[in-house]
Amino acid sequence: YEFGDAAWRFRFMMTEETGWGLSWNSARPADFVGITTGGTYYGIIFSTNRHIVVTRRILDTSYQRVFPEGSGKGNLTDKVLILETNIWHYMEISTFQGRFQIWLDGENIVDVQDDVPLPPGGFSIGKGDSGIMYFDAISVCGLSAPLLSIPVPVPVMP
(Lines give C-alpha, C1' and ligand atoms only; values in the text may rest on other atoms or scores of the structure.)
Protein backbone atom coordinates (compact mmCIF):
# COMPACT_ATOMS: atom_id res chain seq x y z
CA TYR A 1 0.00 0.00 0.00
CA GLU A 2 1.08 3.56 -0.57
CA PHE A 3 0.23 6.37 1.81
CA GLY A 4 0.68 10.12 1.26
CA ASP A 5 -0.41 12.35 4.11
CA ALA A 6 -0.80 9.81 6.90
CA ALA A 7 -0.19 8.96 10.54
CA TRP A 8 1.55 5.82 11.77
CA ARG A 9 1.14 4.71 15.37
CA PHE A 10 2.73 1.76 17.13
CA ARG A 11 4.25 0.47 20.33
CA PHE A 12 7.74 -0.99 20.54
CA MET A 13 10.11 -2.44 23.10
CA MET A 14 13.78 -3.41 22.84
CA THR A 15 15.56 -5.77 25.18
CA GLU A 16 18.92 -4.00 24.98
CA GLU A 17 20.30 -0.78 23.59
CA THR A 18 20.64 -1.26 19.84
CA GLY A 19 20.65 0.59 16.56
CA TRP A 20 17.47 0.19 14.47
CA GLY A 21 15.29 2.15 12.14
CA LEU A 22 12.11 2.44 10.18
CA SER A 23 11.04 4.17 7.01
CA TRP A 24 7.87 5.65 5.60
CA ASN A 25 6.76 6.97 2.21
CA SER A 26 9.03 4.23 0.80
CA ALA A 27 8.19 4.62 -2.88
CA ARG A 28 9.02 2.52 -5.88
CA PRO A 29 10.82 3.89 -8.95
CA ALA A 30 9.12 7.00 -10.29
CA ASP A 31 9.76 10.36 -11.88
CA PHE A 32 10.41 12.85 -9.09
CA VAL A 33 11.63 16.47 -9.41
CA GLY A 34 12.90 15.83 -12.91
CA ILE A 35 14.81 12.57 -12.36
CA THR A 36 13.91 8.91 -12.66
CA THR A 37 14.41 7.39 -9.23
CA GLY A 38 15.11 3.85 -8.11
CA GLY A 39 13.20 4.70 -4.94
CA THR A 40 12.62 7.34 -2.28
CA TYR A 41 11.91 7.24 1.45
CA TYR A 42 12.00 9.03 4.78
CA GLY A 43 13.65 7.20 7.63
CA ILE A 44 14.29 7.33 11.33
CA ILE A 45 17.49 5.82 12.61
CA PHE A 46 17.89 5.13 16.33
CA SER A 47 21.57 4.57 16.94
CA THR A 48 23.42 3.11 19.88
CA ASN A 49 25.24 6.41 20.31
CA ARG A 50 21.84 7.69 21.49
CA HIS A 51 20.90 9.83 18.55
CA ILE A 52 17.73 9.91 16.51
CA VAL A 53 18.30 10.95 12.92
CA VAL A 54 15.44 11.65 10.53
CA THR A 55 16.64 11.16 6.96
CA ARG A 56 15.36 11.84 3.48
CA ARG A 57 16.63 9.58 0.70
CA ILE A 58 16.29 9.93 -3.05
CA LEU A 59 18.00 7.12 -4.95
CA ASP A 60 18.76 7.05 -8.67
CA THR A 61 18.19 3.94 -10.77
CA SER A 62 21.62 2.63 -9.61
CA TYR A 63 20.46 3.16 -5.99
CA GLN A 64 22.99 5.93 -5.39
CA ARG A 65 21.85 8.94 -3.35
CA VAL A 66 21.05 12.04 -5.37
CA PHE A 67 20.18 15.57 -4.30
CA PRO A 68 17.92 17.27 -6.88
CA GLU A 69 17.72 21.07 -6.83
CA GLY A 70 15.78 22.32 -3.80
CA SER A 71 15.34 18.86 -2.27
CA GLY A 72 17.75 19.17 0.67
CA LYS A 73 20.87 17.21 1.53
CA GLY A 74 19.69 14.15 3.41
CA ASN A 75 19.25 14.58 7.17
CA LEU A 76 16.22 16.55 8.31
CA THR A 77 17.14 16.47 12.01
CA ASP A 78 19.57 14.88 14.45
CA LYS A 79 18.76 14.84 18.18
CA VAL A 80 20.07 13.19 21.31
CA LEU A 81 17.51 10.67 22.52
CA ILE A 82 17.94 7.99 25.17
CA LEU A 83 15.52 5.08 24.87
CA GLU A 84 14.95 2.91 27.91
CA THR A 85 15.14 -0.84 27.39
CA ASN A 86 12.59 -3.44 28.53
CA ILE A 87 9.66 -1.02 28.60
CA TRP A 88 7.01 -0.34 25.98
CA HIS A 89 7.35 2.96 24.10
CA TYR A 90 4.62 4.56 22.01
CA MET A 91 5.44 6.34 18.76
CA GLU A 92 3.37 8.44 16.39
CA ILE A 93 4.69 9.67 13.04
CA SER A 94 2.70 12.08 10.91
CA THR A 95 3.29 13.35 7.40
CA PHE A 96 1.04 16.17 6.24
CA GLN A 97 1.83 18.41 3.27
CA GLY A 98 5.58 18.00 3.82
CA ARG A 99 5.48 18.58 7.58
CA PHE A 100 6.80 15.71 9.70
CA GLN A 101 6.05 15.32 13.34
CA ILE A 102 7.20 12.51 15.57
CA TRP A 103 5.97 11.85 19.09
CA LEU A 104 7.63 9.43 21.48
CA ASP A 105 5.75 8.51 24.64
CA GLY A 106 3.52 11.57 24.22
CA GLU A 107 6.37 14.06 23.73
CA ASN A 108 6.88 15.83 20.39
CA ILE A 109 10.51 15.08 19.52
CA VAL A 110 10.61 16.12 15.84
CA ASP A 111 8.75 18.84 13.94
CA VAL A 112 10.28 19.65 10.56
CA GLN A 113 9.07 20.92 7.18
CA ASP A 114 10.24 19.39 3.87
CA ASP A 115 9.72 21.94 1.10
CA VAL A 116 9.85 19.22 -1.61
CA PRO A 117 7.92 16.31 -0.04
CA LEU A 118 8.58 12.81 -1.33
CA PRO A 119 5.85 10.89 -3.17
CA PRO A 120 3.47 8.56 -1.30
CA GLY A 121 4.80 5.18 -0.25
CA GLY A 122 4.75 2.33 2.23
CA PHE A 123 6.10 1.72 5.73
CA SER A 124 8.86 -0.64 6.89
CA ILE A 125 10.58 -1.54 10.16
CA GLY A 126 14.25 -2.48 10.39
CA LYS A 127 15.73 -4.80 12.94
CA GLY A 128 18.22 -3.92 15.62
CA ASP A 129 21.81 -5.11 15.57
CA SER A 130 21.46 -6.85 18.95
CA GLY A 131 18.78 -7.90 21.39
CA ILE A 132 15.14 -8.48 20.53
CA MET A 133 12.73 -5.88 19.16
CA TYR A 134 8.98 -6.15 19.84
CA PHE A 135 6.30 -4.21 17.95
CA ASP A 136 2.60 -4.05 18.75
CA ALA A 137 -0.58 -2.22 17.72
CA ILE A 138 0.76 -0.89 14.42
CA SER A 139 -1.80 1.27 12.64
CA VAL A 140 -1.88 3.78 9.81
CA CYS A 141 -4.55 6.21 8.73
CA GLY A 142 -4.79 8.90 6.09
CA LEU A 143 -4.78 12.55 7.12
CA SER A 144 -6.87 15.41 5.73
CA ALA A 145 -5.50 17.85 8.34
CA PRO A 146 -2.45 17.97 10.63
CA LEU A 147 -2.35 15.17 13.20
CA LEU A 148 -3.63 15.69 16.70
CA SER A 149 -1.61 13.37 18.93
CA ILE A 150 -3.63 10.97 21.06
CA PRO A 151 -2.81 10.17 24.69
CA VAL A 152 -0.25 7.46 25.25
CA PRO A 153 -2.06 4.14 25.63
CA VAL A 154 -1.63 2.32 28.92
CA PRO A 155 1.17 -0.20 28.31
CA VAL A 156 0.51 -3.91 28.64
CA MET A 157 2.97 -5.84 30.75
CA PRO A 158 5.39 -7.80 28.52
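Go through the stretch 53-158 and tell me which strands (runs of 3 or more DSSP E), entirely inside it, have 1 or more residues that are charged (D, E, K, R) and modelled with pLDDT of 85 or more. Steps first, please.
Details: elements: 75-80, 89-96, 99-104, 107-113, 122-125, 133-142.
Answer list for the stretch 53-158: 89-96, 99-104, 107-113, 133-142.
Quick check on residue 92: is it of a type in the set (Asp, Glu) and touching a Lys or Arg at 6+ places or on another chain (Cβ under 6 Å)? So that I can check it myself, show each step before the final result.
Details: of a type in the set (Asp, Glu): yes; touching a Lys or Arg at 6+ places or on another chain (Cβ under 6 Å): yes.
Yes; evaluated as a whole, the condition is true for this residue.
List the residue pairs whose Cβ atoms are under 7 Å apart, where the first residue sits in the stretch 115-141 and is within 17 Å of residue 87 (Cα to Cα), the second is assigned to a loop (DSSP other than H, G, I, E, B) and not hydroxyl-bearing (Ser, Thr, Tyr), and the two are 6 or more positions apart or on different chains.
Qualifying pairs under 7 Å: 128/19; 130/16; 131/16; 133/127.
Which of the following residues is in contact with a strand residue (DSSP E or B) (Cβ under 9 Å, 6 or more places away or on another chain) and modelled with pLDDT of 85 or more: 18, 36? Before the answer, list the steps.
Values: 18 fails: modelled with pLDDT of 85 or more.
Going through 18, 36 in turn, the sole match is 36.
Of all residues in the stretch 26-63, which are in contact (Cβ under 8 Å) with a residue 60 or more places away in the chain and among the hydroxyl-bearing types (Ser, Thr, Tyr)?
26, 40, 41, 42, 48
Can you work out which of the residues in the stretch 18-57 that are open to solvent by 40 Å² or more (accessible area, probe 1.4 Å) and touching a Lys or Arg at 6+ places or on another chain (Cβ under 8 Å) is nearest to residue 88 (Cα to Cα)?
Only one residue fits best here, namely 51.
Can you tell me which residues in the stretch 96-113 are open to solvent by 10 Å² or more (accessible area, probe 1.4 Å) and touching a residue at least 24 places away in the same chain (Cβ under 8 Å)?
Going residue by residue through the stretch 96-113, those that are open to solvent by 10 Å² or more (accessible area, probe 1.4 Å) are 96-97, 99, 101, 103-109, 111-113.
Within the stretch 96-113, 96, 97, 99, 101, 103, 105, 106, 108, 109, 112 qualify.
Which of the numbered conditions does residue 36 fail, given that it passes all the others? Conditions: (1) assigned to a strand (DSSP E or B); (2) within 17 Å of the chain's Cα centre (by Cα).
Every condition holds for residue 36 apart from (2).
Is the stretch 72-85 home to any residue that is within 27 Å of residue 28 (Cα to Cα) and free of Cβ contacts under 8 Å to residues at least 12 places away in the same chain?
Yes, the conditions are met somewhere in the stretch 72-85.
Restricting attention to the stretch 76-95, which residues are surrounded by fewer than 18 Cβ atoms within 10 Å (Cβ to Cβ) and either hydroxyl-bearing (Ser, Thr, Tyr) or closer than 19 Å to residue 32 by Cβ (or both)?
77, 85
The values are calculated or read from the model by the stated rules, or taken from the named source; none is laboratory data. Since the model is a prediction, treat every value here as computed from it, not as a measurement. Please note: Cβ atoms are built from the backbone with ideal geometry, for glycine as well, and neighbour counts cover all protein chains shown. To get the accessible areas, we keep the full protein, side chains included, count just its heavy atoms, and leave off ligands, DNA and RNA. Shrake-Rupley method; radii C 1.70, N 1.55, O 1.52, S 1.80 Å.
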